[in-house]
Every structure is written in structure tokens, then in C-alpha cells.
Amino acid sequence: MRKRLGCLHAHYSNIEYIEDALSLYDVELIHFVDPALMHQVTSDENFKVKNAQKKVKEQIEWIAKCQVDAILITCTNYITLLPKDNFLITMPILKIDEPYFEAICDVAQPQTIVFTNPLTVNGTMERLKTYATVRQKVLNVEVIVIKDTFDLIMKGLKQEYNKKISEFLHRMMKENNMVSVAQLSMVEAAKGVELLTLHTIINPLDTLVSYIVRHLALHKKNEKTYF
């Protein structure tokens, strides 16, 4: 039976990345987008964390009622707001950053994690540190934010956004450190630089696909099974 995956996004731009990444697999994707929550969390001082947690809980519970087999959360800030108790969801909740963290923790050499959105740095790095500590991994990580870039993608200026990321990553390749990009919106530019430089750049989309396939046991479209 075909699997159904409910996807919770903080921005509409994430939809196409997930759609493209899973296009070869026999899975139905149902997208839920709420950019307003992150806007309130980051811009309204009177909007408490407990209010944000309540909203995320409501969102997840609503998605769970939509006959999905699992829920994917593509925003790290949403993941950090998941309530720790009074949260009875029996289906798997897949978190985009966990397979990404696994790949980072497998790198022994010094590495750099690149962001464009400064508002995602603290939540991502706190979760990464916790993930590494639980698995007794030692990280040698530097964080860099490409300044004055994220507004471009928010304004729909994707070409200009990718250009700035590409130029920055090309300069990073010269330092010979292992580099990863932390956001889905950065994947396209990172893949382009990989092809030109033949350097591996870890990204959250490539690591995510195998993670989803493993948890949902997805088959590729038109793939025949013989008994």
C-alpha cells in the first residue's frame, strides 16, 4: 500500500525540495505550511515559548488525523518546540535534522556548518550538541552565517540567493575543511558547487531521503517485487 507522509514546513519554499527528493519513490506527500508561527516567535516578545509549543502540538495532532503514516518536520525551530509531555502521537515523527546530525557526527576532522538564516543557528546547534553528547561523539565545528543573504530567498530572489551561497562555498573549498549547509534552501547551490569542485558538501536533503526511505520502507516507483 502506498505510504502517506505529512510534511510540516515553516516556509513554502521547502515544499519543492521535498517533492523533488522523493519524486522517485512511491509516497504521497501532504504539505502543511505555517510561516506565521516562526514570525511570532522571533518578532513578538509577548509570544511565550509555551504558546509556541501549544501551537506546534496542535499542528502535529491535526496532521496526525489526516490519515498519514508518518509526519516529517522540515524546520529545526519547529522541532525544538515539540512538547516533551502530554503528546500522544503513535505514528513516527521524522525530524529533518537527525540524519544530518548523524552525518556531521561521523566526520572526525574539523568542519564548518554554514547558515544563511541566523535565527536557526541557536536551535540547530543546541540540538546538534545534545545529539552528539548522547552518542558520545566529539565535534570540532565552526559555525558561519552568510550575512545579508536569507532575505533574498524570502523575497523570492532564488537566483541571487544561490549565487551568493555558491560564491561563499567556493571560497570555503579553498580552506580544505569539511563543509556542510544547514538549511534546505541552501541545497541547490551546494550541489552546484560540489559538481564544479568535486568536494563533498553535507546537506540535510541527501541525508533525509535515506532516513525517510528506511523508516517508511518505501519502494521506488515502477519497481517490481518478485516472489
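The values are calculated or read from the model by the stated rules, or taken from the named source; none is laboratory data. None of these values were measured; they are calculated from a predicted model. With ideal geometry, Cβ positions are generated from the backbone for all residues, glycine too; neighbour counts draw on all protein chains shown.
Assigned by TED's automatic domain parsing to the domain that holds ALA103, touching an Asp or Glu at 6+ places or on another chain (Cβ under 9 Å), among the β-branched types (Val, Ile, Thr) and over 26 Å from LEU5 (Cβ atoms) - does that describe any residue in the stretch 197-207? Yes, the stretch 197-207 contains a residue that is assigned by TED's automatic domain parsing to the domain that holds ALA103, touching an Asp or Glu at 6+ places or on another chain (Cβ under 9 Å), among the β-branched types (Val, Ile, Thr) and over 26 Å from LEU5 (Cβ atoms). Out of the residues in the stretch 53-110 that are in contact with a His (Cβ under 9 Å, 6 or more places away or on another chain) and not hydrophobic (A, V, I, L, M, F, W, C), state the one that is farthest from GLU16 (Cα to Cα). Among them, the one singled out is PRO92. In the stretch 66-80, how many are over 15 Å from the mean Cα position of the chain (by Cα) and in a loop (DSSP other than H, G, I, E, B)? Summing the residues that are over 15 Å from the mean Cα position of the chain (by Cα) and in a loop (DSSP other than H, G, I, E, B) in the stretch 66-80 gives 4. Under the condition of being β-branched (Val, Ile, Thr) and more than 29 Å from LEU94 (Cα to Cα), the residues counted in the stretch 161-216 number 1. Screening the stretch 133-227 for helices (runs of 4 or more DSSP H) wholly inside it with 2 or more residues that are under 25 Å from LEU119 (Cβ atoms) and charged (D, E, K, R) returns the ranges 158-173, 187-197. If you take the residues of the stretch 1-16 that are at pLDDT 90 or above and surrounded by 18 or more Cβ atoms within 10 Å (Cβ to Cβ), which of them is farthest from TYR161 (Cα to Cα)? So, considering only residues that are at pLDDT 90 or above and surrounded by 18 or more Cβ atoms within 10 Å (Cβ to Cβ), the one farthest from TYR161 (Cα to Cα) is LYS3.
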